Amino acid sequence: MKRLFLLSIILLYTTILVAQQHQRKLIWSDEFNYKGLPDSTKWDYDLGSKNGWGNNELQYYTKDKKNARVENGRLIIEARKEKLDKFNYTSARLVTKGKASWQYGKIEVRAKLPAGRGSWPAIWMLAENMKQWPDDGEIDIMEHVGYDPGWVHGSIHSKKYNHVIGTQKTAKTFVPDFSKAFHIYAVEWDPKLLTVSIDGKPFFSCTNEQKGYEYWPFDNKMSLILNIAVGGNWGGQKGVDDAIFPLKMEVDYVRVYQ
């Protein structure tokens, strides 16, 4: 009887999960089923060095096809060892800012990450109308620093919770084949809860504590960013191994549900 009851509970729980999944509606996606530059109706670029992007990063971001392109059904973001301006590395940082942003929902990015000391790939979000970082909100769906291979981090940043003052909310999980296999990196959030997962398994979450905007700015519309940084305050803590270049982050698809 106990076993039957347990099976009934499991079946009910599974039914609820399936029903919730079916209720979600795909509202935006890029399946990368084309060739050439990323779709300009969906993606824009952050360009240049911006004084190290606040992190003493070493790369110069371009919109050159060698740094960002679509081929064989995948978006390729590539960091290269090459001189441009006063910088020794080039890369790309693709953004949906100005093209698409979302208040709540689920964002999935199926990707394979680069490996190597000095690499710092990220899948993350900023407030569409960011006036002051981190006050208006940052969601880190995936960050990986190459000197610590396999450990994938998820975090949030706000005025009261951020790494500059040592209060960021964060967690990490180990993905042994991060650079050899594709995984689905995702965030799902609503007015009460934000959860980051890999392949459907949550590893980081934070709750709206109802303390105000300084703690929870995630009612803002958020836009998506995909990039590979080189070096920097975190990614470069143990230097950069120039033998790892060129580096590639491959993205199979990006899907947004609400």
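The values are calculated or read from the model by the stated rules, or taken from the named source; none is laboratory data. These numbers come from a predicted model, not from an experiment. Backbone-built Cβ (ideal geometry, glycine too); neighbour counts: all protein chains shown.
Points worth noting:
- Every residue from segment 187-223 that is among the β-branched types (Val, Ile, Thr) and either part of a loop (DSSP other than H, G, I, E, B) or under 22 Å from ALA115 (Cβ atoms) (or both): VAL196, ILE198
- Tally, over segment 97-142, of residues that are acidic (Asp, Glu), touching a Ser or Thr at 6+ places or on another chain (Cβ under 7 Å) and part of a strand (DSSP E or B): 1
- Note on segment 224-233: residues that are out of contact with any Gly (no Cβ under 8 Å at 6 or more places or on another chain) and either assigned to a strand (DSSP E or B) or within 28 Å of ALA100 (Cα to Cα) (or both) total 5.
- Number of positions in segment 169-198 that are of a type in the set (Asp, Glu) and within 23 Å of LEU247 (Cβ to Cβ): 1
- Looking only at residues of segment 77-87 that are basic (Lys, Arg) and part of a strand (DSSP E or B), we find that the one that is surrounded by the fewest Cβ atoms within 10 Å (Cβ to Cβ) is LYS83.
- Of the candidates GLY154, GLY137, GLY118, the single residue that is under 26 Å from TYR215 (Cα atoms), among the small types (Gly, Ala, Ser), at pLDDT 95 or above and out of contact with any Pro (no Cβ under 6 Å at 6 or more places or on another chain) is GLY154.
- So PHE178, is it in contact with a strand residue (DSSP E or B) (Cβ under 9 Å, 6 or more places away or on another chain) and either basic (Lys, Arg) or closer than 28 Å to PHE87 by Cβ (or both): yes
- Enumeration of residues in segment 166-189 that are surrounded by 15 or more Cβ atoms within 10 Å (Cβ to Cβ) and either among the hydrophobic types (A, V, I, L, M, F, W, C) or in contact (Cβ under 8 Å) with a residue 60 or more places away in the chain (or both): VAL175, PHE178, SER179, PHE182, HIS183, ILE184, TYR185, ALA186, VAL187, GLU188, TRP189
- Close pairs (8 angstrom Cβ cut-off, 6 or more residues apart or separate chains): assigned to a helix (DSSP H, G or I) and modelled with pLDDT of 95 or more in segment 234-253, surrounded by fewer than 18 Cβ atoms within 10 Å (Cβ to Cβ) and of a type in the set (D, E, K, R) anywhere: ASP242/LYS81
One line per residue, one yes/no per condition, for (1) buried (at least 18 other Cβ atoms within 10 Å of the Cβ); (2) in contact (Cβ under 8 Å) with a residue 24 or more places away in the chain; (3) of a type in the set (Ser, Thr, Tyr):
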{"position": "LEU75", "(1), (2), (3)": "yes, yes, no"}
{"position": "THR96", "(1), (2), (3)": "yes, yes, yes"}
{"position": "TRP133", "(1), (2), (3)": "no, yes, no"}
{"position": "VAL164", "(1), (2), (3)": "no, yes, no"}
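- Residue count for segment 55-73 satisfying the condition of being surrounded by fewer than 23 Cβ atoms within 10 Å (Cβ to Cβ) and either on the phi < 0 side of the Ramachandran plot or in a strand (DSSP E or B) (or both): 11.
- Here ASN51 meets the list (1) surrounded by fewer than 18 Cβ atoms within 10 Å (Cβ to Cβ); (2) part of a loop (DSSP other than H, G, I, E, B) almost entirely, failing just condition (2).
- Of all the listed residues (ASN227, ASN208, ASN220), the sole one being polar (S, T, N, Q), closer than 26 Å to GLY48 by Cβ and more than 16 Å from the chain's Cα centre (by Cα) is ASN220.
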